[in-house]
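Let me begin by presenting the structure, written as structure tokens, before commenting on it.
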Amino acid sequence: MTANPPLVASLPTSSAAPQSAYRWVVLGVFMLVAGLSQALWLNYAPLLTLVQSKYGVSEGMAGGLLLVFPLIYVLLSVPAGQLTDRRGYKFSVGLGAVLMAGFSCLRINESSFWVLLIAQVGIAVGQPFAVNGISKLVADWFTPQQSAMATGLGTMGMFMGMAAGMAATPPLVESLGYQGAMVVFAAISVGICAAFLLLSKNNPGARPAATVVEEPSMLSLLKNPRLLLLFTVAFLGLGFFNGLTTWIEPILAPNGFDAVKAGNVGGVLIIGGILGAVVVPALSDALKRRKPFLIGSVALALGALVPTVTSHDETVVLISAAALGFFFLPAFALLLDMCATVAGEKAAGGATGLLMLFGNGGGVVVILAMVFVKGDEPTFMRAVYLLYAIVAVAIALAFGVKETMVRDPSIRDVGSV
């Protein structure tokens, strides 16, 4: 769900170019595309029961509409990054936007579950191309002093899309019907695609890219024990998040939550994550520590998870879900920073790409594992226990992570092994 930097990274030097206000337009339309990629993925999360009854398919089949996204992201993450490096972010993000718009229109055809699954696969193929261009876009239009802020805004667009996809879909289905809701999403997709193609452009004041720098091999990064530990935590963390968001409706249904209420819970969770992604990393920077915040984020998330999935009180669940998002989602930003620091400047791109591959791979494994653990039980309670165990193991592993925050600003690489 996040960008995978290419294995061979060019080094743009647009920071020397005069700053143009148009950079906000380019970043803005990218945020719309990135948000769309998440909304089209998660708008089926609160509709799984509807899909089962409408098409007569099993829970596992219905969940496949969501599972294809992390699965295809794992397969296409590296090729999408390489295409971005060769052809530029406007081409790759534009390609992703066109694929998402085209296949979102196919979802209007409600005649067959297989047509819907094909549409979701097509949208999932567009996702890595749509979001992997953020690093090059930021380097092209923003100075190094603004890059973290600009990248954060791009990520915020993704979170906003997640919230909109989960919270807005059930009310649209209730008011317009299933097909009417799909028409709305298709129209929004086409509009966003057109906006990006018309308004996005390369920075005309940017200087040519500097010499290409070869990154270390993937195998050498996988042999780094500190990186491997971070990859494992990411596998568990994103696996937990994808499992929870995929099955949130059937998890909450026994507690009296219908599709609309389940969608609201998912939306509040993401909104809490948006706020946490601003606050928690800022506190980590201010106190010059990473490890305590990583451990605290995951531990507090476990505490918030329990009432979220067990309480029958809507207010308690909404508050708990907001706290869960606030504490848990910033943990991934901390992992990204720690991963880049341990790998060192030259290897940061490849290491971040591997972190994303492990994370999305975890999403595939946990989504399927939850179905297996649930078995023939009428509720997802046994699968919820699996989520508890996954987060508990992630906390235990986080204690083994070494601190990466550099206190002496003259030291730039503290983690290479």
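All of the numbers you see were taken from the coordinates with simple rules; none came from a lab. These figures come from a predicted structure and were not determined experimentally. Ideal geometry is used to build each Cβ from the backbone, glycine not excepted, and the neighbour counts take in all protein chains shown.
A few comments on the model shown:
- Among 259-265, 173-179, the peptide with the highest mean count of other Cβ atoms within 10 Å heads the list, and the full ranking is 259-265, 173-179.
- Dipole magnitude of region 14-141, debye to nearest 20 (Cβ charges: Lys/Arg +1, Asp/Glu -1, about Cα centre): 280 debye
- Taken over region 213-405, the convex hull of the Cα atoms encloses 109 Å³ per residue.
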